[in-house]
Amino acid sequence: MTATTLIDACAAGIVGLGILLAVTRSIGRSIWLVAAQSALGALAAIGVGMTLGLAQLVVGGLLALGAKAVVYPLVLRTMLRASSVSVERRPYVGPRLSLVAAIAIVFAAGTATSDLALATSLGGTRALPAAIAAMLTGLFLMMSRRKALSLLIGLLVFENGLSLAAFALTYGMPFVVELGVLFDLLIVIVVGWVYARRMLRVFGSLSTDELRSLRG
Amino acid sequence: MTTIALGAVLVPLVAGVLVWFAPDRLAGRLAVGAFAIGGVGAVALAMPVLLDRPLRAFGGVVALDALGAFVLIVVVAVAVIAIAGSPAYLRHERALRPGDRGRYWALLLWFVGGLATVPLFDNLGLIWVAIEATTIVSALLVGFARTPAAIEAAWKYLILGSVGIGFALLGTLLAYASSVRLLGETSDALDWTRLFSIAATLDPGLVRLAFLFALVGYGTKTGLAPFHTWLPDAHSQAPSPVSAILSGATLTVSLYALARFHLVASATLGPSFSSTLLVAFGLLSLMVALPFIVAQGDLKRLLAYSSIEHMGLGALALGFGGPIALGGLVLHLLAHGLTKASLFVAGGGLVEAGRSRRIARLSGSLAIAPVDGRAFLGGALLLSGLPPSALFVSEVAILFGGFSAGWGGAAAGAAVLLALTVAGFLFHVGRVSFGTARRPAGPGAGHAPLRAVGLAVPLLTVAVLGIWTPDPLAGAIARVVAVLGGHGG
């Protein structure tokens, strides 16, 4: 298996999981899905690193696997258990329309990147449109959901798209930068946790509907 | 010498861990000590660069040119004002629990320490990492008061800030992709100095996209409209000393990151692409800020929207380019940082003593709170760009620079918007300062000599700089302008 087919296979999986996330209303299941999506991204890095003999890709991939596919989902599950809601009951956009939107995003990302001159210079992988699609799906999730946890999940999907883009464009960023990005993501999740707990205490729910007092 | 100074700059970051766990009465002293060491180190690093020549250390990981050194000085100056204002905030804040003081000081150390590392890095990826890290740490400070409104503001800031700056990471990636093809997978392919030196040969398509995403990402952090929606909430709900840093230093640091991308984009694509976008978003920010300033009822939101206005003007100046507008920009960022930080501290004092943010309920503050009231009025007059404020000089320079660089229409539009904004701003300031007092003079209103000095020094500095520019400062500004003009420094 060449590096290119491996990347393409993982990219396809990432897009597929993004569409599944868009139609899932159970927050618990969403956490597993986003963990699987993160794992695919990390596996792509490890696989390509081993094929091409790039040690830093393997190490970065392993770190990403541990952080994004194991630790962050566990933190999210802990948050979920602490709250009483486990289902995104009334998202702004329902599952059927979300499915349509998620598929539309994939096609839009594909067409938008197809006429870019840069697509040709990337060694023929289709990972860039997949990365853009994952980023947009993450944004869509964040805009269409109400629960604080769903927003954090959307942010993780957005970040999975970003890492895939990093991978598609350059086989990853310099190692220190990768480390820094993972570290930043960790503190976003931790601070998100802190605020989710405060929301539970002050508003009694994790719904961002409560957050509408600041205007003008 | 450089190593010692660099080590000193990192002291606040390390000391934060200690301060977090320190008992409440010790935390403040430990933190101020750590800040002092860091501040001295930062000044020791920046001064030789501003007066003489750029610094490179540790194999190019640390690279400080005049622009970076200038931003470092602004961060230090604003931090001093915020630290001086912190004890009064902690005395007035009623929601504090045991251990909160230590946490406040620790977070402040990480926030300021993180901001100070941004201009030290040459690597655009590390610049991103540092800015994002400060965003998240400051989100904890924004919601420090634990009120529902503070939680709302902090949540919006965390989520919108992270997504917004995610786009800046994509921009950074695209810049990396453009240089990797020329340089190969070397670790310095993301170094700004390296990128800038080969900018003319980079792939224009990639660089164009890189700048667009950097504009959205760092534009969000700079508070440029239409990506500004988090800013009034975060800057108004945060503890006032934190608002001071957010407005005075964080926005400046973000504009700095954007300027780095602008310089590369101009060198690759010619000046018109990124300049036009900066001018457009700058004007839009001035337009968006105007109605919210005129119709504002909340004192801290008034100051927050004024920051959007001033950063819009900053983007405009960066877009105009040319030595006059860029010189104006440099002076503007310094003077805005000093003035806005003092205003947030003084205005925060009024808000905390008056137990309300509503402008209507704070009237007559000049009579009630002599120190904070006078500082607020003086700072507001300076911020409005009335002579002898340095902001008068900088705004005239920016607008004049715009006219002489062929941006006549944009400069004229900006002048009209600025005049209207100032009128609206001063109307509210008048209501706060004069008018009938709603309550008797509070305790501690008349005897705060240290606070008076802490507020008077930065404000007087801004007033003096409006009349007289010392030669070393003029030389330093010229060096910063040389970097911003693409001539190295």
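The values are calculated or read from the model by the stated rules, or taken from the named source; none is laboratory data. This is a predicted model, so every value here is computed, not measured. We place every Cβ from the backbone using ideal geometry, glycine too, and count neighbours over all the protein chains shown.
Only one residue in B:Ala175, B:Ala153 is in contact (Cβ under 8 Å) with a residue 60 or more places away in the chain and more than 9 Å from every other protein chain (Cβ to nearest Cβ), so which one is that? Break it down into steps so the answer makes sense when it comes.
Details: B:Ala153 fails: more than 9 Å from every other protein chain (Cβ to nearest Cβ).
From the options B:Ala175, B:Ala153, the qualifying one is B:Ala175.
Criterion first (within 10 Å of chain A (Cβ to nearest Cβ), charged (D, E, K, R) and either under 23 Å from A:Leu179 (Cβ atoms) or free of Cβ contacts under 8 Å to residues at least 60 places away in the same chain (or both)) does B:Arg194 satisfy it? Break it down into steps so the answer makes sense when it comes.
Numbers: within 10 Å of chain A (Cβ to nearest Cβ): no; charged (D, E, K, R): yes; either under 23 Å from A:Leu179 (Cβ atoms) or free of Cβ contacts under 8 Å to residues at least 60 places away in the same chain (or both): yes.
The answer is no for B:Arg194.
Taking only pairs six or more apart or across chains, which ones have beta-carbon atoms under 6 Å, a first residue in the stretch A:1-16 that is farther than 13 Å from A:Val106 by Cα, and a second residue that is of a type outside the set (Gly, Ala, Ser) and at pLDDT below 80?
Close Cβ pairs (under 6 Å, with a partner that is of a type outside the set (Gly, Ala, Ser) and at pLDDT below 80) amount to A:Thr4/A:Thr125; A:Ile7/A:Thr125; A:Asp8/A:Thr125; A:Asp8/A:Arg126.
Would you be able to tell me the number of residues in the stretch A:169-207 that are more than 7 Å from chain B (Cβ to nearest Cβ) and among the polar types (S, T, N, Q)?
Number satisfying all stated conditions: 2.
Somewhere in the stretch A:33-47, is a residue at negative phi, at pLDDT 85 or above, surrounded by fewer than 18 Cβ atoms within 10 Å (Cβ to Cβ) and not aliphatic (A, V, I, L, M)?
There is no residue in the stretch A:33-47 that is at negative phi, at pLDDT 85 or above, surrounded by fewer than 18 Cβ atoms within 10 Å (Cβ to Cβ) and not aliphatic (A, V, I, L, M).
Would you mind telling me which numbered condition in (1) more than 14 Å from chain A (Cβ to nearest Cβ); (2) in contact with a helix residue (DSSP H, G or I) (Cβ under 6 Å, 6 or more places away or on another chain) B:Trp110 fails?
In the conditions (1) more than 14 Å from chain A (Cβ to nearest Cβ); (2) in contact with a helix residue (DSSP H, G or I) (Cβ under 6 Å, 6 or more places away or on another chain), B:Trp110 misses (1) alone.
Of the residues that make up the stretch B:419-435, is at least one part of a loop (DSSP other than H, G, I, E, B), modelled with pLDDT under 95 and small (Gly, Ala, Ser)?
We begin by selecting, within the stretch B:419-435, every residue part of a loop (DSSP other than H, G, I, E, B); these are B:434-435.
Next cut, modelled with pLDDT under 95 only: B:434-435.
Going one step further and asking which of them are small (Gly, Ala, Ser), we end up with B:435.
Taking every residue of the stretch B:419-435 in turn, at least one turns out to be part of a loop (DSSP other than H, G, I, E, B), modelled with pLDDT under 95 and small (Gly, Ala, Ser).
Tell me, please, whether a residue that is surrounded by fewer than 24 Cβ atoms within 10 Å (Cβ to Cβ), out of contact with any Cys (no Cβ under 6 Å at 6 or more places or on another chain), within 28 Å of B:Val76 (Cα to Cα) and not acidic (Asp, Glu) can be found in the stretch B:285-299.
Scanning the stretch B:285-299, I find no residue that is surrounded by fewer than 24 Cβ atoms within 10 Å (Cβ to Cβ), out of contact with any Cys (no Cβ under 6 Å at 6 or more places or on another chain), within 28 Å of B:Val76 (Cα to Cα) and not acidic (Asp, Glu), so the answer is no.
If you take the residues of the stretch A:136-157 that are facing chain B (nearest Cβ under 10 Å) and touching a Leu at 6+ places or on another chain (Cβ under 6 Å), which of them is nearest to A:Val58 (Cα to Cα)?
A:Gly154
Quick one: in the stretch A:159-168, of everything that is at the interface with chain B (Cβ under 7 Å from one of its Cβ atoms) and over 16 Å from B:Thr135 (Cβ atoms), which residue is surrounded by the most Cβ atoms within 10 Å (Cβ to Cβ)?
A:Ala166
Just to be sure before I move on: is B:Ser86 away from chain A (no Cβ under 11 Å), under 19 Å from B:Trp20 (Cβ atoms), of a type in the set (S, T, N, Q) and touching a residue at least 12 places away in the same chain (Cβ under 8 Å) in the structure I sent?
Numbers: away from chain A (no Cβ under 11 Å): yes; under 19 Å from B:Trp20 (Cβ atoms): yes; of a type in the set (S, T, N, Q): yes; touching a residue at least 12 places away in the same chain (Cβ under 8 Å): yes.
So B:Ser86 fits the description; yes.
What residue, of B:Leu231, B:Leu195, B:Leu202, is closer than 23 Å to B:Ser266 by Cβ and buried (at least 24 other Cβ atoms within 10 Å of the Cβ)? Step through it out loud before you land on a result.
Numbers: B:Leu231 fails: closer than 23 Å to B:Ser266 by Cβ; B:Leu202 fails: buried (at least 24 other Cβ atoms within 10 Å of the Cβ).
Of B:Leu231, B:Leu195, B:Leu202, the one residue that is closer than 23 Å to B:Ser266 by Cβ and buried (at least 24 other Cβ atoms within 10 Å of the Cβ) is B:Leu195.
Need the failing condition index for B:Leu96 against (1) among the hydrophobic types (A, V, I, L, M, F, W, C); (2) surrounded by 24 or more Cβ atoms within 10 Å (Cβ to Cβ); (3) not in a helix (DSSP H, G or I), just the number.
(2)
Could you look through the stretch B:137-147, keep only residues that are modelled with pLDDT of 90 or more and at the interface with chain A (Cβ under 7 Å from one of its Cβ atoms), and pick out the one that is farthest from B:Arg97 (Cα to Cα)?
Among residues in the stretch B:137-147 that are modelled with pLDDT of 90 or more and at the interface with chain A (Cβ under 7 Å from one of its Cβ atoms), the one farthest from B:Arg97 (Cα to Cα) is B:Ala139.
Condition check ((1) farther than 25 Å from B:Ser384 by Cβ; (2) within 12 Å of the chain's Cα centre (by Cα); (3) of a type outside the set (Gly, Ala, Ser)) across all residues:
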| residue | (1), (2), (3) |
| --- | --- |
| B:Ala214 | yes, no, no |
| B:His235 | no, yes, yes |
| B:Ile245 | no, yes, yes |
| B:Phe273 | yes, no, yes |
| B:Gly282 | no, no, no |
| B:Ala289 | no, no, no |
| B:Asp298 | no, no, yes |
| B:Leu302 | no, no, yes |
